[in-house]
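**Student:** Handing you this structure, nothing more for now.
The values are calculated or read from the model by the stated rules, or taken from the named source; none is laboratory data. What you are looking at is a predicted structure, and each value in this text was computed from that prediction instead of being measured. Glycine also receives a Cβ, built like all others from the backbone with ideal geometry; neighbour counts cover every protein chain displayed.
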Amino acid sequence: MRWACLLFPRLALEGALRRRPDPDAPFALIDGPAQRQCIRAANRAAREQGVKPGQALGFAEALFNAPLFKAPGAAPLSKAPNSAPENGSEPASGERLETAPFDAEALERWRQRLASWVYGYSAQVSLHYPHALVFEVASSLDLFGPWPRLEARLRAELAELGFSHRLVIAPNPAAARVLVNVHDGLAVDEAGLESTLAALRLDRAGLSQIHSDHDIVQTLHRSGFRRLGELFGLPRSALARRFGAGLMRHLAELRGEWPLALDYHRPTPRFSRTFAFDQPVYAIAGLAFPLKRLLQELSVFLIGQDAGVERFRLQFELEDGPPQNVDIGLLAVQRDPDTLLELTRSHLERVRLAGPVMTLTLSAPRLADYAPTRRELLEGPARQAQAWATLHQRLVARLGETVLKPLVEHREHRPEMAVLNGAGPRAREATTGPPRPGWLASVPQRCDGDVVQLLAGPERIESGWWDGGDIRRDYYLAQWTDGRHAWVWCEPERHGWYLHGWFG
Amino acid sequence: MSGLESLLDSRQVWRAQTVVDSDRGEAIASGHATLDAMLPGGGWPPAAISELLSTGAGNGELALVWPVLSRLTREGRPVMLVSPPAVPYPAAWRRAGVVLEQCHWLDVQGREALWATEQCLRAGCCAAVVAWLPQADSRLMRRLQVAAASGNTLAFIHRPLSKVAEASPAPLRLRLHRHAELEILKCRGSFPPSQRIAFGGGA
């Protein structure tokens, strides 16, 4: 039991109905060229009047005007007292058939939205089959409880969204898809799959999808095959010879013997929602409520994506003039609705509306990876380390890798080689020895007149004869003209003082 | 009620002897007994910037902060140096007790140094930030002070002596003299003592 299939038999119609003020009024989707438009789908109120898919639009409309065709059980109860006398001697129903053109793009949008919704329950959601969603659930059951509980939850949410559906769970996506044609609420496991499939009628077994001209289904039907099980009993070589590899592959997919490669749904990595006002809004204060709702939707979306936003945009469409944009950038990636609302509010305090606002659009074109702030029982080293890693990342991102330097001393006598451009093993802990200054000048500078008095020294540093960087210096702790303490050196038997550091 | 009492009652007069920021957490001991005795709260103001004014490197500025840096790094907390005047010589820092692994320095100048200082202060993960910012003016110092407060970070900002006349939002301003002496120019919560303080250490 791994794959669930959700079938939406009336997706286009119900998607369109969601936007209508009264979804129970007669309504139909129409399709086809302008001269010959026909009904594609109709809601219950329209079907009760006799509207059927495939009817010509004129015929369907006539059903509402001519009571002759009225279905006997569906007499309209609300008779308008002064209802259109020109409709003839018979009293008209008072209802009209509302229509809207079938919109394939809207259907696709709804499919995507439903896929995004299911994505909250499963990481593998596929829109491979039209009108249906298949998704893997076995890995989600640990989180959402056993299948009956998850099933009830899915159905409750779909009912709230207003979509009729059928739901079946089977060991593989292909079997789930064909079983949902005839079953609802069926749960088949590996052992019961064969028998359940065997009982399936051939015309419902998804075979028509193999071959466009239904050749196979017809031939099988004429050969006397009625159920899928009768095909399972036949020798495979004979079946393959007669009906080709397509049928064999389909049968193998149904029984889970042939893996089905599916394209998985990837949620869109951007967010955009619009809120349209009935009345133009003149003040920022009037935007507070819709803003809160949009930010809540954004937050739900971000949680579904396990992402956050670093910047987003508010667009005010004005009654007159070009739209006004407010870009909101955050210091850190956020997704908590309260935080977002607070930050947005403080941003809007500095914004003046350029005119009355008609619509408000919140869009986040780019999502960012969200790392939740870990609240641990013992707020300690782990949190510190995380904050440090973030800071490190931010500094390096802007300033470059080489700018952030550690304090490293190599095991080397020459100060330059030990600190600046040395290599090799690190210096050991040394607590004794001659003093070293806190600051080292990167290049020694000639400083003959500035040394007033030598306070300590000399310390001979002589090294590097093997690598060409030969030095031979006597270091002194010296007092500078203004009283500061400097680290200076001179070469033995030569003149000239060089400043090489400060005792800070 | 006398006129003075009503004035005090209306809270329009600041009374110097009250320690204003007693609620901001305990002061961090500087490690110099004479200095701690002089500072209000007995140490460096926490979550705030301390401004150090001097003529340049070599005025005992390291000897002043080494004890506190040493203690903080031994606790395993990182310390950040921003645009120091020269390369820190690790041998001397280690001898002062600083754990080198916890010590980092940023070799940046100009505006980037200001930005980096603010980021380090705001992040709240550095135990202390020591920055050399001759370019910072009073407005930027206020910004850094806010960042230090929000990140709850101890901060030392070094500026040249020429800024001594400028107003500064730092709760503590010190002027470093040579031979490890300092003068408290301003300390929030008490009157600055008039005499110089020798804090020892140095070379």
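**Student:** Among (1) at pLDDT below 50; (2) assigned to a helix (DSSP H, G or I), there is one condition A:P76 misses while meeting the rest; what is its number?
**Tutor:** (2)
**Student:** Okay, moving on. Could you give every pair whose Cβ atoms fall below 6 Å, whose first residue belongs to region A:293-315 and is within 24 Å of A:A354 (Cβ to Cβ), and whose second residue is among the acidic types (D, E) and part of a strand (DSSP E or B), counting only separations of at least 6 or pairs across chains?
**Tutor:** A:R313/A:D327
**Student:** How many residues are in contact (Cβ under 8 Å) with a residue 24 or more places away in the chain and either surrounded by fewer than 14 Cβ atoms within 10 Å (Cβ to Cβ) or closer than 17 Å to A:L197 by Cα (or both) if we restrict to region A:214-229?
**Tutor:** Step one: of region A:214-229, the residues in contact (Cβ under 8 Å) with a residue 24 or more places away in the chain are A:216, A:219, A:226-229.
When the remaining residues are screened for being either surrounded by fewer than 14 Cβ atoms within 10 Å (Cβ to Cβ) or closer than 17 Å to A:L197 by Cα (or both), the result is A:219, A:226-229.
Adding up the residues that qualify gives 5.
**Student:** Here is a check on your reading of the model: is B:R94 touching a residue at least 24 places away in the same chain (Cβ under 8 Å) and either touching a Pro at 6+ places or on another chain (Cβ under 9 Å) or not small (G, A, S) (or both)? Walk me through how you get there before you give the answer.
**Tutor:** Details: touching a residue at least 24 places away in the same chain (Cβ under 8 Å): no; either touching a Pro at 6+ places or on another chain (Cβ under 9 Å) or not small (G, A, S) (or both): yes.
Here the answer is no, as B:R94 does not meet what is asked.
**Student:** From the residues in region B:75-98 that are at the interface with chain A (Cβ under 8 Å from one of its Cβ atoms), closer than 17 Å to A:S442 by Cβ and not aliphatic (A, V, I, L, M), which one is nearest to the chain's Cα centre (by Cα)?
**Tutor:** The selected residue is B:P84.
**Student:** Follow-up. Out of everything in region A:161-183 that is of a type in the set (G, A, S) and touching a Lys or Arg at 6+ places or on another chain (Cβ under 7 Å), what residue ends up being surrounded by the most Cβ atoms within 10 Å (Cβ to Cβ)?
**Tutor:** Once the filter is applied, the top-ranked residue is A:S164.
**Student:** Picking from B:A147, B:A131, B:A180, B:A155, which residue would you name as being closer than 23 Å to A:P437 by Cα, touching a Cys at 6+ places or on another chain (Cβ under 9 Å), within 14 Å of chain A (Cβ to nearest Cβ) and buried (at least 19 other Cβ atoms within 10 Å of the Cβ)?
**Tutor:** Every option except B:A131 fails the conditions.
**Student:** Within 27 Å of B:H104 (Cβ to Cβ), within 13 Å of chain B (Cβ to nearest Cβ), at pLDDT 80 or above and in a strand (DSSP E or B), is that true of A:A486? Break it down into steps so the answer makes sense when it comes.
**Tutor:** Details: within 27 Å of B:H104 (Cβ to Cβ): yes; within 13 Å of chain B (Cβ to nearest Cβ): yes; at pLDDT 80 or above: yes; in a strand (DSSP E or B): yes.
Taking the combined requirement at face value, the residue satisfies it.
Conditions (1) at the interface with another protein chain (Cβ under 9 Å from one of its Cβ atoms); (2) part of a loop (DSSP other than H, G, I, E, B); (3) touching a residue at least 12 places away in the same chain (Cβ under 8 Å); (4) of a type outside the set (A, V, I, L, M, F, W, C), marked per residue:
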position: A:K405; (1), (2), (3), (4): yes, no, no, yes
position: A:R460; (1), (2), (3), (4): no, no, yes, yes
position: A:G468; (1), (2), (3), (4): no, yes, no, yes
position: A:R473; (1), (2), (3), (4): no, no, yes, yes
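**Student:** Enumerate the strands (runs of 3 or more DSSP E) found wholly within region A:261-357, keeping only those where 1 or more residues are among the aromatic types (F, W, Y) and under 23 Å from the mean Cα position of the chain (by Cα).
**Tutor:** Qualifying strands (runs of 3 or more DSSP E): A:271-281, A:307-318.
**Student:** Filter region A:358-369 for residues that are under 20 Å from the mean Cα position of the chain (by Cα) and assigned to a strand (DSSP E or B); which is farthest from A:L318 (Cα to Cα)?
**Tutor:** Among those that are under 20 Å from the mean Cα position of the chain (by Cα) and assigned to a strand (DSSP E or B), it is A:D369.
**Student:** Let me ask something else. Please give the helices (runs of 4 or more DSSP H) falling wholly within region A:139-195 in which 1 or more residues are closer than 21 Å to A:L11 by Cβ and touching a residue at least 40 places away in the same chain (Cβ under 8 Å).
**Tutor:** A:147-161, A:173-179
**Student:** While we're on this one: How many residues does region A:150-177 contain that are farther than 12 Å from A:W3 by Cβ and in contact with a helix residue (DSSP H, G or I) (Cβ under 9 Å, 6 or more places away or on another chain)? Show your work before the answer.
**Tutor:** Applying the first criterion (farther than 12 Å from A:W3 by Cβ) to region A:150-177 yields A:150-166.
Applying the additional criterion that residues be in contact with a helix residue (DSSP H, G or I) (Cβ under 9 Å, 6 or more places away or on another chain) yields A:150, A:153-154, A:157-158, A:161-165.
Total meeting the criteria: 10.
**Student:** Right, another one. Within region B:99-123, how many residues are facing chain A (nearest Cβ under 8 Å) and either crowded, with 20+ Cβ neighbours inside 10 Å or of a type outside the set (D, E, K, R) (or both)?
**Tutor:** Residues flagged as facing chain A (nearest Cβ under 8 Å) and either crowded, with 20+ Cβ neighbours inside 10 Å or of a type outside the set (D, E, K, R) (or both) within region B:99-123 amount to 11.
**Student:** Separate question: Select from region A:247-287 the residues that are surrounded by 15 or more Cβ atoms within 10 Å (Cβ to Cβ) and aliphatic (A, V, I, L, M) and list them in ascending order.
**Tutor:** Answer for region A:247-287, where residues must be surrounded by 15 or more Cβ atoms within 10 Å (Cβ to Cβ) and aliphatic (A, V, I, L, M): A:L247, A:M248, A:L251, A:A252, A:L254, A:L260, A:L262, A:V281, A:I284, A:L287.
**Student:** Could you check region A:421-455 and list, in sequence order, the residues that are assigned to a strand (DSSP E or B), of a type in the set (A, V, I, L, M, F, W, C) and either at pLDDT 80 or above or within 14 Å of B:P90 (Cβ to Cβ) (or both)?
**Tutor:** Within region A:421-455, A:W439, A:L440, A:A441, A:V443, A:L454, A:L455 meet the criteria.
**Student:** Can you name every residue in region A:113-138 that is assigned to a loop (DSSP other than H, G, I, E, B) and farther than 18 Å from A:E14 by Cα? Let's see the steps before the verdict.
**Tutor:** We begin by selecting, within region A:113-138, every residue assigned to a loop (DSSP other than H, G, I, E, B); these are A:120-124, A:127-131, A:137.
Across region A:113-138, the qualifying residues are A:G120, A:Y121, A:S122, A:A123, A:Q124, A:L127, A:H128, A:Y129, A:V137.
**Student:** Surrounded by fewer than 16 Cβ atoms within 10 Å (Cβ to Cβ), at pLDDT below 85 and under 24 Å from the mean Cα position of the chain (by Cα): does that describe A:D142?
**Tutor:** The answer is yes for A:D142.
**Student:** Quick one: which of B:A57, B:A63 is more than 26 Å from A:W388 (Cα to Cα), within 11 Å of chain A (Cβ to nearest Cβ) and either at pLDDT below 85 or touching a strand residue (DSSP E or B) at 6+ places or on another chain (Cβ under 8 Å) (or both)? Before the answer, list the steps.
**Tutor:** Working: B:A63 fails: either at pLDDT below 85 or touching a strand residue (DSSP E or B) at 6+ places or on another chain (Cβ under 8 Å) (or both).
On inspection, the qualifying residue turns out to be B:A57.
**Student:** Within region A:264-280, can one find any residue that is among the small types (G, A, S), at pLDDT 85 or above and closer than 30 Å to A:G321 by Cβ?
**Tutor:** Within region A:264-280, one or more residues are among the small types (G, A, S), at pLDDT 85 or above and closer than 30 Å to A:G321 by Cβ.
**Student:** Every residue in region B:158-177 that is away from every other protein chain (no Cβ under 14 Å), assigned to a strand (DSSP E or B) and not hydrophobic (A, V, I, L, M, F, W, C), please.
**Tutor:** Residues satisfying the conditions are B:R159, B:R173, B:R175.
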